[in-house]
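Data block below; observations after.
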Amino acid sequence: MNIGATLVGQTVAFIFFVWFCMKYIWPPLMSTIEERQKVIEQGLLDADKAKNDLINAKQQAFEHIKNAKIQANKIIDEAHNQGASIIDKAKKEAEIEADLKIKQAVSEIEVASSKAKKDLISQISLFSIMGAEKIINSKINNSMQDSLIDELIDEINKEEYV
């Protein structure tokens, strides 16, 4: 065998092999690689988008939590205000009721005082009549009359404090 012919044969076979690979094997292989590259690029873009979406979602969640806290504080403040207004209203109602009870008590005291005055006047009238009867019935002199009046005054004073 001749080495030159072997090299030429191998070169022809190699050229044929390269041509066959470039014609039938290389295009599908390249399209598969290109598709894989597109899938990887799309995956990376989706990952970046998901990362941005996650950041946006975190910000939105933070905003929602912040708004919820603000609303909760408003609700708590409104509850405190309502509680204070209820307490104020109850105090005012209690004051009105206390004033009414005081007025009723004063009225009852005035009635009792008026009754006591009438009773005192009737007792004084009774004692005066009794004294006058004694004076008239006894037909006594001035010194005795003075002693009877003193006696009557003593009786009135005793009755007044009883």
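The values are calculated or read from the model by the stated rules, or taken from the named source; none is laboratory data. Owing to the predicted nature of the structure, the values given are computational and were not obtained by experimental measurement.
Listing for the model above:
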| item | result |
| --- | --- |
| Criterion (under 60 Å from the mean Cα position of the chain (by Cα) and of a type in the set (Val, Ile, Thr)) met by exactly one of 25, 33, 40 | 40 |
| In the stretch 43-73, the residues that are more than 31 Å from the chain's Cα centre (by Cα) and not charged (D, E, K, R) | 43, 44, 45, 47, 50, 52, 54, 55, 56, 57 |
| Residue in the stretch 1-11 that is outside any helix (DSSP H, G or I), over 48 Å from the mean Cα position of the chain (by Cα) and among the polar types (S, T, N, Q) present | yes |
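Every residue, every condition in (1) at pLDDT below 90; (2) of a type in the set (Lys, Arg), yes or no:
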| residue | (1), (2) |
| --- | --- |
| 88 | no, no |
| 91 | no, yes |
| 100 | no, no |
| 108 | no, no |
| 121 | yes, no |
| 133 | yes, no |
| 137 | yes, no |
| 149 | yes, no |
